[in-house]
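Where a number appears in this text, it was derived from the coordinates with a stated rule and is not lab data. Note that the coordinates shown come from a computational prediction; the quantities given were computed from them, not determined experimentally. Note that we place each Cβ from the backbone using ideal geometry, even for glycine, and neighbour counts take in every protein chain shown.
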Amino acid sequence: LHYQPKVNFKTGQTIGVEALLRWPHPERGWVPPDQFISLAERAGLIHPITLWVLTTALKQAQAWRDAGLQIGVAVNVAVRDLQDPTFPDFVLQACRSTAMPPGALTLELTERSLMTDPAKTNAAFQRLSDDGVRLSIDDFGTGYSSFSYLQTLPVDEIKIDKSFVGGLFSDTRSEAIVRSVIDLGRNLSLAVVAEGVENQLIWEGLASLGCHVAQGYHICRPSPAAELVTALKNSAWVTTRNESTNVQEL
Ligand code: C2E
Ligand code: CA
Ligand code: CA
């Protein structure tokens, strides 16, 4: 499991990390998730994978907390996970057994998968949200969905897909989309995260548009836990205090 920082635009502080899977293969090296997640979904293996990711990421976040690094952790979940009626209990139990406050955990679900089984997704989301877990809509803008779930689901955060962020200065349509999503998120009091922040120019452009949180190679590539701490310590992005993910404070 690798981790990539999410950084507050206003303060430059790391408020959390996203856990991203890599498969260490004896012949192929690090196999990227794009090459095995969909396969795992089709093979019915995604759910046990998610449970492992959740447990591992929460244990890691607890270890960072013990070392004075008060950061949250985000885990990607698939629609299959939310269809399991025991999933919310598993998540909350995992928080309890690692002594992680549920508010320090964010679950990221893609817009595309939200539409697969809205009734079950809604019930699971509601339960998790009632207990304080943060919910994020990933790859925002790439699905075929309507905005209705923003009305009905207890969403805390939207993540602008890197395909829009990358076009911020080269494509006027991408720029208009990024600007509109930031405005939409702000008007709904949601935290707005931009992924794919690859350089200083994009960082400055997003900051001036009022985006809350940045994630991307400009800050740090996804790295193993030990390397991440070293990278953060040697950079301007380190945090040692409790960083808020409350949108009012972003
Ligand atoms: P995602 O959730 O949209 O994650 C963001 C992807 O953007 C990651 O790719 C990350 O490494 C990459 N990225 C971050 N910053 C930059 C940047 O500045 N430029 C560019 N070009 N890319 C950047 P990664 O790690 O290859 O993951 C790909 C996808 O695989 C993820 O997309 C997510 O949908 C899926 N995935 C990864 N880990 C898990 C997991 O544990 N469970 C599930 N269900 N899916 C996962
Ligand atoms: Ca994600
Ligand atoms: Ca994405």
Residue among Val193, Val181, Val213 that is within 16 Å of ligand 2 (Cβ to nearest atom), over 14 Å from Gly12 (Cα atoms) and surrounded by 14 or more Cβ atoms within 10 Å (Cβ to Cβ)
Val181
Quick check on my filter: what residues within the range 205-218 are assigned to a helix (DSSP H, G or I) and either in contact with an Asp or Glu (Cβ under 9 Å, 6 or more places away or on another chain) or closer than 13 Å to Gly166 by Cα (or both)?
Gly205, Leu206
Checking Thr121 against (1) surrounded by fewer than 18 Cβ atoms within 10 Å (Cβ to Cβ); (2) touching a residue at least 40 places away in the same chain (Cβ under 8 Å); (3) over 29 Å from Ala63 (Cα atoms), only one condition comes out false. Which one?
(1)
Take Pro102 and tell me if it is touching an Asp or Glu at 6+ places or on another chain (Cβ under 9 Å), away from ligand 1 (no atom under 16 Å from the Cβ) and touching a residue at least 24 places away in the same chain (Cβ under 8 Å).
yes
Just to be sure before I move on: is Lys162 under 24 Å from Val73 (Cα atoms), loosely packed, with under 14 Cβ neighbours inside 10 Å and charged (D, E, K, R) in the structure I sent?
no
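Out of Gly12, Gly29, report the one residue that is out of contact with any Leu (no Cβ under 9 Å at 6 or more places or on another chain) and surrounded by 15 or more Cβ atoms within 10 Å (Cβ to Cβ).
Gly12
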The conditions are (1) assigned to a helix (DSSP H, G or I); (2) within 14 Å of ligand 1 (Cβ to nearest atom); (3) farther than 30 Å from Leu209 by Cα, and Cys95 fails exactly one of them. Which is it?
(2)
Matching residues, the range 17-45, being more than 16 Å from ligand 3 (Cβ to nearest atom), under 22 Å from Val73 (Cβ atoms) and in a strand (DSSP E or B)
Trp23, Pro24, Trp30
Can you find even one residue in the range 69-83 that is over 24 Å from Ala119 (Cα atoms), within 11 Å of ligand 1 (Cβ to nearest atom) and not in a loop (DSSP other than H, G, I, E, B)?
no
Consider the range 130-170. How many of its residues are within 13 Å of ligand 2 (Cβ to nearest atom) and assigned to a helix (DSSP H, G or I)?
1
Which of the residues spanning the range 38-48 are surrounded by fewer than 17 Cβ atoms within 10 Å (Cβ to Cβ) and either within 16 Å of the chain's Cα centre (by Cα) or of a type in the set (Val, Ile, Thr) (or both)?
none
Looking at Arg173, Arg179, Arg221, Arg127, which one is over 21 Å from Leu105 (Cα atoms), touching a residue at least 24 places away in the same chain (Cβ under 8 Å), away from ligand 3 (no atom under 14 Å from the Cβ) and not in a strand (DSSP E or B)?
Arg179
